[in-house]
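Below is one structure, written out as structure tokens; the observations come after it.
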Amino acid sequence: MSNRPTSPETAIPDATKRVHIKSFGCQMNVHDAERMADLLALEGYATTDRVEEADLVILNTCHIREKASEKVYSELGRLRRLKSERAEAGQSTLIAVAGCVAQAEGREIMNRQPAVDLVVGPQSYQNLPGLLADARRRRVVDTEFPAVDKFDALPPPGARRLAAKGPSAFLTVQEGCDKFCSFCVVPFTRGAETSRSATAILAEARIMVEAGIREIMLLGQNVNAYHGEGPEGGTLSLAGLMDALSQIDGLDRIRYATSHPLDMTDDLYAIHRDNPKVMPYLHLPVQSGSNRILKAMNRKHDRDLYRRIIDRMRTARPDIALSSDFIVGFPGETEADFEDTMALVRETGFASAFSFKYSPRPGTKSAEGADDVPEAEKTARLHALQALLLDQQNAFNRSTLGRRADVLFEKAGRHPGQLTGKSPWLQAVHVDLPDGVPAESVLGRIWSVDLLDVTSNSLQGRLVAESQPKREDQAA
Ligand code: 5AD
Ligand code: SF4
């Protein structure tokens, strides 16, 4: 038998090198950055927040909107100067570009910025050690879509890293998208829709729970299209996967994002109704309230279907907090189309939302036509929409006042003696620690809290008592 260490934690050599990872964009990228850090730890890299002391800098980029990818090139300009300053002091620096800009622009990045040593797409992170070794000798681009499951090839998250993260963590269950909305680069940068096996996900979730994680956010670009291989053969839906996860003792909360209206299967409504571990929160982007624009966006649903989904979800789980994404100024969007979006928002009532001006992305269908809504018009529409959404967010927050809610406490607040956590509806909640209650008995745990007041975008509450763990068979 070999006496090689089996746990990645015990296999970590003394860290001699430092890596700085800067992430842009979505939660998937934040999570990918953590997994890259886990892998690089095995290669002797410690992470650092200080870019000046890094031997390896990874920009984990986002390509979803124009501004996001422009930022990458200005950041690379700064890194180039840093690299030459460090070289003058006799220190070498490797610069890597990862994420979706890497995938979409590959060699173009090398051409535009000679200081870049490595370009690596999101599907190739498991190759990082070999790629870095190559990049010390020559400039390397890896933007392949390999057949292996990247997450199964990456080491499981390290227990120390998990413990440091607090009680809520991400777990990627699905990647890529086959929907091809006409404005969106995701099907090109993240590739075809794939689901990880439930066995791998459950094993990872158990490691997380053992490390103290109480809440898991299941991630996927099209997460409710999940259809992974089940532990006993067959395939599991997202609801089936959440059901299996909810049987893990110590895991108290399950969330998921991002969903598409076409994949709202019957069992998702049922699990929101029946399983108290599934949090009452749904992020379901609609993008527009105009049927004409939804068709041009190739969303494959109309406003009516969206409304019916929301009604059905509210019947199943009346307190559900709804969230969405919106794009204003899509090509051909008239004032009347925009009014349809405003009307849909008014009819629906969102607890939170993200809204963006349309920007044409290279390679997408809608970028082939004119970007014909004037910039000033886009700005005016965005402001009007955001003002309405902010009113709705405040109204939602006020509607929860007077309730006694479970709050999972994540960290110390900004003021001494203050702790911050999340309500079931994903609101930030602050409490003051009463005399005699040590912070350790609250942090990382779920307490019931009386919700008393709303400040700008958070709530103020009062601690009541530690909450008893929920079982998956208890009704909400
Ligand atoms: N322009 C503006 N917003 C976009 N999004 C995606 N692509 C674009 C684009 N080309 C928005 C959508 C999506 C969110 C993640 O980003 O609203 O749901
Ligand atoms: Fe992009 Fe549409 Fe897929 Fe969402 S569903 S990732 S917007 S193509």
Ala351 vs. criteria surrounded by 18 or more Cβ atoms within 10 Å (Cβ to Cβ) and away from ligand 2 (no atom under 16 Å from the Cβ) = yes
ask   = Looking at (1) more than 17 Å from Gln392 (Cβ to Cβ); (2) surrounded by 20 or more Cβ atoms within 10 Å (Cβ to Cβ), can you tell me which one Ala316 breaks?
value = (2)
task = Confirm whether Ala68 is within 16 Å of ligand 2 (Cβ to nearest atom), out of contact with any strand residue (DSSP E or B) (no Cβ under 6 Å at 6 or more places or on another chain) and aliphatic (A, V, I, L, M).
result = yes
key: Any pair with Cβ under 6 angstrom, 6 or more apart, that starts in region 65-77 at a residue that is in contact (Cβ under 8 Å) with a residue 24 or more places away in the chain and ends at one that is assigned to a helix (DSSP H, G or I) and within 16 Å of ligand 1 (Cβ to nearest atom)   = Ser69/Val101; Val72/Val101
task = For region 361-375, state whether one or more residues are within 16 Å of ligand 1 (Cβ to nearest atom), polar (S, T, N, Q) and more than 18 Å from Leu451 (Cα to Cα).
result = yes
Evaluation of Tyr125 against (1) over 22 Å from Glu175 (Cα atoms); (2) in contact with a helix residue (DSSP H, G or I) (Cβ under 9 Å, 6 or more places away or on another chain); (3) not β-branched (Val, Ile, Thr) (one fails), failing number = (1)
ask   = Does Lys277 qualify as being outside the structural domain of Gln468 (by TED's automatic domain parsing), away from ligand 1 (no atom under 16 Å from the Cβ) and within 24 Å of the chain's Cα centre (by Cα)?
value = yes
inquiry  = For a quick check of your reading of the model, give me the residue pairs whose first member lies in region 242-267 and is in the same structural domain as Gln468 (by TED's automatic domain parsing), whose second is part of a loop (DSSP other than H, G, I, E, B) and among the hydroxyl-bearing types (Ser, Thr, Tyr), with beta-carbon atoms closer than 6 Å and at least 6 apart or on different chains.
reply    = none
message = Checking the condition over 27 Å from Glu368 (Cβ atoms), under 20 Å from the mean Cα position of the chain (by Cα) and of a type in the set (S, T, N, Q), which residue from Ser324, Ser259, Ser246 passes?
response = Ser259
message = I'd like to know if region 440-451 contains one or more residues that are in a helix (DSSP H, G or I) and surrounded by fewer than 16 Cβ atoms within 10 Å (Cβ to Cβ).
response = yes
ask   = So which of Leu241, Leu262 is within 16 Å of ligand 2 (Cβ to nearest atom) and either under 27 Å from Phe180 (Cβ atoms) or assigned to a helix (DSSP H, G or I) (or both)?
value = Leu262
request  = For residues that are of a type in the set (Val, Ile, Thr) and under 27 Å from the mean Cα position of the chain (by Cα), scanning just region 416-439, find the one that is surrounded by the fewest Cβ atoms within 10 Å (Cβ to Cβ).
outcome  = Thr420
request  = Go through region 203-227 residue by residue and tally those that are surrounded by 18 or more Cβ atoms within 10 Å (Cβ to Cβ) and either hydrophobic (A, V, I, L, M, F, W, C) or assigned to a loop (DSSP other than H, G, I, E, B) (or both).
outcome  = 16
Top-ranked residue of region 368-382 - restricted to ones that are in contact (Cβ under 8 Å) with a residue 24 or more places away in the chain and of a type in the set (A, V, I, L, M, F, W, C), ranked as surrounded by the most Cβ atoms within 10 Å (Cβ to Cβ) = Val373
key: helices (runs of 4 or more DSSP H) fully within region 23-127 counting 1 or more residues that are modelled with pLDDT of 95 or more and small (Gly, Ala, Ser)   = 66-88
message = For region 205-228, which positions are among the charged types (D, E, K, R) and at pLDDT 95 or above?
response = Arg206, Arg214, Glu215
key: Pair list, Cβ under 9 Å, 6 or more apart: region 285-299 residue closer than 10 Å to Thr341 by Cα, other residue more than 12 Å from ligand 1 (Cβ to nearest atom) and among the basic types (Lys, Arg)   = Val286/Arg303; Ser288/Arg303; Gly289/Arg303; Ser290/Arg303; Asn291/Arg303
task = Would you be able to tell me the number of residues in region 280-293 that are under 24 Å from the mean Cα position of the chain (by Cα), closer than 21 Å to Leu382 by Cα and among the hydrophobic types (A, V, I, L, M, F, W, C)?
result = 2
remark   = How many residues of region 287-338 are assigned to a loop (DSSP other than H, G, I, E, B) and of a type in the set (A, V, I, L, M)? The answer is 2
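So that you can scan it fast, the table gives a plain yes or no per residue for (1) at pLDDT 95 or above; (2) within 27 Å of Ile213 (Cβ to Cβ); (3) hydroxyl-bearing (Ser, Thr, Tyr):
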residue	(1), (2), (3)
Ser355	yes, no, yes
Ala395	yes, no, no
Ala412	no, yes, no
Val437	no, yes, no
Leu459	yes, yes, no
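The values are calculated or read from the model by the stated rules, or taken from the named source; none is laboratory data. Keep in mind it's a predicted model, so treat the numbers as computed, not measured. A quick note on method: Cβ atoms are made from the backbone with ideal geometry, for glycine too, and the neighbour counts reach across all protein chains shown.
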